[in-house]
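As structure tokens, the structure follows; a few thoughts come after it.
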Amino acid sequence: MAPLPARSGDAVFANIEHVNSELFTLTYGAIVRQLLTDLEEVEEVNKQLDQMGYNIGIRLIDEFLAKSNVSRCVDFKETAEVIAKVGFKMFLGVSATVTNWDTEGTSCSLVLEDNPLVDFVELPDTCQGLCYCNILSGVIRGALEMVSMKTEVTWVRDMLNGDDVYELRVKLLKQVLEEYPYKDDE
Amino acid sequence: MAAIYSLFIISKSGGLIFYKDYGSAGRMDTNDSLRLASLWHSMHAISQQLSPTVGCTGIELLQADSFDLHCFQSLTGTKFFVVCEPGTQHMESLLKVIYELYTDYVLKNPFYEMEMPIRCELFDLNLSQAIQKDRVALLGR
């Protein structure tokens, strides 16, 4: 009984409950704003957002697997496609494109043309260097870690800083083999 | 007679995080359930390595004279298994439903800590509804 490989998240997206996107966008804005007030340093806020995303990602991955019916990916290329087409669609309602593969096939870019997180955002001069959507990179890192892929996810282009698209660079650091015994530090 | 005897959830590191029994058959105390869970975790792992098939993901069904054991392991390594009456059908889909309930009512609960025993009322509630539904469907067949 092999589940049909989901090539797009549209069907899943249609089947799950949604919240009002403004509520979502504004809530996220409020969180970032509060973090800026609490932590003061932009760098610290970036770090905190990434950590929050990570904590979300390690739980979100199970929901993704349970509801999307994707099966085990054969390689990292497939993984990236699944994140871009199914994962982003399912949880953010937009899909990304995968480009810029390096020759080893271990790092690629996810390009988002539309990003609901930033609908009303204009970055003031005092917040230079803030990766406003840094939570997303954390989510991807956390989710992939739970399916034994250590990754590094960084923002390359950001529309809030005047670029034309959002570009996330995902780099596969190492694939931890799922073999027993697990090492103690994992 | 209840079709499902008991349900276990084992975390990816092998600890029993949820156990529930249904009906009188096969009921066991906490120590026994913990023992059985870790035994199954190890057997599952060993079966993966012993299997002649490449890419084997472990035992999915164990059949005995007095019970069937259906196991589902998610890609993240959490195992769900039910012990049920021999020949009970549709356990794979029930396990899938339980996995979804787990992602909704356990993982999304901000006060649930990963890898810890599950104590979430909403999960219990929705789980018993799912099992109940399964039982009704069984009677109707």
Based on the alpha-carbon set only, what is the convex hull volume of the stretch B:4-135 divided per residue, in Å³? 112
Ordered by packing density, taken as the mean number of other Cβ atoms within 10 Å over each peptide's residues, highest first, how do B:100-109, A:130-139 rank? A:130-139, B:100-109
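Output the pairs from A:Lys89/A:Lys171; A:Lys85/B:Lys20; A:Lys171/B:Lys79; A:Lys174/B:Lys20 with a Cα-Cα distance over 27 Å in this structure; if there are none, say none.
Violating the 27 Å limit, Cα to Cα: A:Lys85/B:Lys20; A:Lys171/B:Lys79; A:Lys174/B:Lys20.
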Neighbourhood net charge (15 Å Cβ-Cβ; Lys/Arg +1, Asp/Glu -1) for B:Thr53: 0
Read phi for every residue in the stretch B:68-83 and hand back ³J(HN,Hα) as whole Hz from Karplus 6.51 cos²θ - 1.76 cosθ + 1.60, θ = phi - 60°, with x for Gly and Pro. 10, 10, 9, 10, 10, 10, 6, 5, 8, x, 7, 10, 10, 9, 10, 9
Sequence-distant residues sharing a close amide H with A:Cys133 (under 5 Å, placed H): none
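Before we go on, tell me the buried accessible area for the B/A pair, both chains summed, 1.4 Å probe, in Å² to the nearest 100. Before the final figure, lay out the partial values.
Details: alone 8540 and 11210 Å², together 17950 Å².
Interface between B and A: roughly 1800 Å².
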Using θ = phi - 60° and Karplus 6.51 cos²θ - 1.76 cosθ + 1.60, couplings along the stretch B:97-111 (whole Hz; Gly, Pro as x): 4, 4, 4, 5, 4, 4, 5, 6, 9, 9, 5, 8, 6, x, 9
Point-to-point label distance, B:Ser42-B:Thr57, nm (Cα→Cβ direction, 7 Å offset): 2.5
Report, as an integer, the average count of C-beta atoms from other chains found within 10 Å of each Cβ along A:60-68. 6
Share of Cα-Cα pairs in the protein assembly as shown lying beyond 35 Å, as whole percent: 29
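How big is chain A by the Kirkwood estimate over distinct Cα pairs, in Å? Walk me through the numbers on the way to the answer.
Working: mean 1/r = 0.0577 Å⁻¹.
Hydrodynamic radius (Kirkwood, Cα only) of chain A equals 17.3 Å.
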Spin-label pair A:Glu41/A:Lys77, simplified geometry with 7 Å Cα→Cβ offset, distance in nm: 4.2
Distance between the stretch B:30-51 and the stretch A:97-145 - C-alpha centres, whole angstrom: 41
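The values are calculated or read from the model by the stated rules, or taken from the named source; none is laboratory data. If you're wondering where the values come from, they're calculated on a predicted model, not measured in any experiment. Glycine also receives a Cβ, built like all others from the backbone with ideal geometry; neighbour counts cover every protein chain displayed. The protein model used for the area step is the full one, side chains on, heavy atoms only, and it has no ligands, DNA or RNA in it. Shrake-Rupley method; radii C 1.70, N 1.55, O 1.52, S 1.80 Å.
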